[in-house]
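A quick write-up on the structure given underneath.
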Amino acid sequence: MNIRFSGFGGQGIVLSGYIFGVAAVFDGKQALQTQSYGSESRGGGCRSDVIISEDEIFELAPPRLDVLVALSQAAYDAYLPALREDGTLILEDDLVDTGNGSGHRTFRIKATDIAHKKFGRKIMANMVMLGFICAIVEAVSREGLERAILDNVPKGTEEMNQQAFEEGYRIGKGEPG
Amino acid sequence: MMTQRQSRLSGFDNRTLFLLGDEAAAYGALYAGCDFFAGYPITPASEIAEVMSRELPRVDGYYVQMEDEIASLSAVIGAVWAGAKAMTATSGPGFSLMQENIGYAIMTETPCVIIDVQRSGPSTGQATKPAQGDVLQARWGTHGDHEIIALAPSSVQECFELTVESFNLAEKYRIPVILLMDGEIGHLRESITFPAYEDVAREERRLAEPEVESFGGEDVPPMSHFGEGRFIHVTGSTHKASGMRDVSTQAVHEDLVTRLCRKIVDACAEISSVEEDFVDGAKIGVLAYGATARPARGAVLEARRAGCAVDFLRLITIWPFPEEAVKRLADRVDTILVPEMNLGQIAREVERFTAAPVLPLSKIGGVPHTIDEILDAIRANGSGSGSTVGQRP
């Protein structure tokens, strides 16, 4: 399973990939997470790839993606060609315009808007997104992801991160709020 | 009673964590006994400094952020002569600045560790992208005749283990050891299982008895520390066994420099570490190291599953060059494929040990090889016909 998180520096892309990788390890799988970003601290293109497998991982840069998570138009445009035909596309609805659509199984969420309106902090968008992804993609367990989040967010913010995750998960499952 | 270091590090005993290669290397240094780090942060090596700055004060050690990389290695060398086990970490631009002091450490026989997390150069190049372009710089970057030890890890676990090994080799041979990481391995995360602190083998420094000289007498002479009761003279200029300068006697220079080279050349078999995986009937062999060895190994296994016999050789020690292992491979196959993230630096070295075609499979620009790229090259050349895949420019 190859999954790519992509967007701008500052959107929590690398942290999302890291948390996914930790969750896979908690689930007893092999995981390899890489990151690629520009020299800018914010605003440059950023991506993080996670490879999850039952066996030893030899590939460093997945040539074909099973899941593409795009949080910016530039990321969508750049990485769509790498997504397998039967792959899953997960988009930040307010930041990505797919035109006539790509033909992929596609899910959209206004993660940044939800984070801002519901939690008063746009920075929670990646947790909303992780919950959303967790509901859609069977790559890692919900338990593993929640444990990975609680282990890796700043002390004192656990509850808000957990709530943001749950909100994204609920929307992903299509459950009423 | 447990030392501060034992009690802090034993908290990691046998735990499995999801770490960066950089972080694993820093912990390897701490397990090896490193108690002094001087450095200047640089992508993609900064996380090593980050861990050391956090952990060294907790284990009775010192972290110094220096004004540049020249000063960083100077401080490391000084700390070693004051009794520390010391390390610095950098990337290409900083590694270039360290070259003069690497020569000084070789000439003064100062055991220390320099981690170079290679990024795409020359110059500032692609600052955040990985490469393997400093392989020959590690060998020949400093001037004058010399030998060096350099190791290249291919996994996060190995970043830890080879950092420990680097410290041990540095002490054993009184030489700077270069851990040639690359930005890919330094910046990828995977599982690493920590050993028990007590189970890690640590080579202790051999100190000279009174009246025993610290710069001669045996190939690897014992050291003397500053401030421990005797006068010693440490100089990068040509010196006698006592350490005193003599820059005009031909035999003194010849004796010194040939000994400095001999102590490594004669121990090549002992220092060399490779992963050899040969199969019957192979006509082609793949030789790789560092990050590139990962997709290379994946491609070899896939080729074998498809019925193509392929030999695999991974260099763990880069310098001294593991020539016996390379000769063994060269004797078996008709073609050696060398994927690397540079324009053929190790391929050139391999050519010295075989008359068979050596095919560089170079890739630069900050993107690692994929399994398919290497597999295609194996398929195109696996018959032993010697056709080429990646001519050196």
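The values are calculated or read from the model by the stated rules, or taken from the named source; none is laboratory data. Given the structure is predicted, the values throughout are model-derived calculations rather than measurements. As a convention, Cβ positions derive from the backbone with ideal geometry for all residues, glycine included, and neighbour counts pool all protein chains shown.
Every residue, every condition in (1) in contact with a Leu (Cβ under 7 Å, 6 or more places away or on another chain); (2) touching a residue at least 12 places away in the same chain (Cβ under 8 Å), yes or no:
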{"residue": "B:Q250", "(1), (2)": "no, no"}
{"residue": "B:V257", "(1), (2)": "no, yes"}
{"residue": "B:A267", "(1), (2)": "no, yes"}
{"residue": "B:P295", "(1), (2)": "yes, yes"}
{"residue": "B:V300", "(1), (2)": "no, yes"}
{"residue": "B:C308", "(1), (2)": "no, yes"}
Among helices (runs of 4 or more DSSP H) entirely within region B:292-392, at least 2 residues that are within 14 Å of another protein chain (Cβ to nearest Cβ) and basic (K, R) occur in B:293-305
Can you pull out the residues in region B:169-192 that are touching a helix residue (DSSP H, G or I) at 6+ places or on another chain (Cβ under 7 Å) and either among the polar types (S, T, N, Q) or part of a helix (DSSP H, G or I) (or both)?
-> B:L169, B:Y173, B:E184, B:I185, B:G186, B:S191
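Could you list all residues from region A:36-74 that are among the polar types (S, T, N, Q), at pLDDT below 90 and assigned to a strand (DSSP E or B)?
From region A:36-74, those among the polar types (S, T, N, Q) are A:36, A:39, A:41, A:48, A:53, A:72-73; that's our starting set.
Imposing the further condition that a residue be at pLDDT below 90 reduces the set to A:36, A:39, A:41.
Within region A:36-74, just A:S36 meets the criteria.
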Reported set for region B:260-283 where residues are aliphatic (A, V, I, L, M), assigned to a helix (DSSP H, G or I) and within 17 Å of the chain's Cα centre (by Cα) is B:I264, B:V265, B:A269, B:I271
Per the list (1) away from chain B (no Cβ under 14 Å); (2) within 14 Å of the chain's Cα centre (by Cα), residue check on A:L15 breaks on (1)
For region B:126-142, does any single residue satisfy the condition of being among the basic types (K, R), buried (at least 24 other Cβ atoms within 10 Å of the Cβ) and more than 13 Å from chain A (Cβ to nearest Cβ)?
-> no
When region A:55-108 is checked residue by residue, the ones that are in contact with a helix residue (DSSP H, G or I) (Cβ under 6 Å, 6 or more places away or on another chain), within 14 Å of chain B (Cβ to nearest Cβ) and in contact (Cβ under 8 Å) with a residue 60 or more places away in the chain are A:L65
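Residues of region B:179-217 being of a type in the set (A, V, I, L, M, F, W, C), surrounded by 13 or more Cβ atoms within 10 Å (Cβ to Cβ) and within 30 Å of B:T292 (Cβ to Cβ), which ones? It would help to see each step written out before you state the result.
In the first step, residues of region B:179-217 are kept if they are of a type in the set (A, V, I, L, M, F, W, C); the result is B:179-181, B:185, B:188, B:192, B:194, B:196, B:200-201, B:207-208, B:212, B:215.
Next cut, surrounded by 13 or more Cβ atoms within 10 Å (Cβ to Cβ) only: B:179-181, B:185, B:188, B:192, B:194, B:200, B:207-208, B:212, B:215.
Matches in region B:179-217: B:L179, B:L180, B:M181, B:I185, B:L188, B:I192, B:F194, B:V200.
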Taking the residues in region A:21-54 that are more than 10 Å from chain B (Cβ to nearest Cβ) and touching a residue at least 60 places away in the same chain (Cβ under 8 Å) as candidates, determine which candidate is nearest to the chain's Cα centre (by Cα).
-> A:I52
The one condition B:A309 fails out of (1) farther than 23 Å from B:I264 by Cβ; (2) surrounded by 20 or more Cβ atoms within 10 Å (Cβ to Cβ) is (2)
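Among the residues in region B:233-249, are any in a strand (DSSP E or B) and more than 22 Å from B:K85 (Cα to Cα)? Please lay out each step first, then the result.
First pass over region B:233-249, keeping only residues in a strand (DSSP E or B): B:239, B:245.
Checking which are more than 22 Å from B:K85 (Cα to Cα) leaves us with B:239, B:245.
Yes, region B:233-249 contains a residue that is in a strand (DSSP E or B) and more than 22 Å from B:K85 (Cα to Cα).
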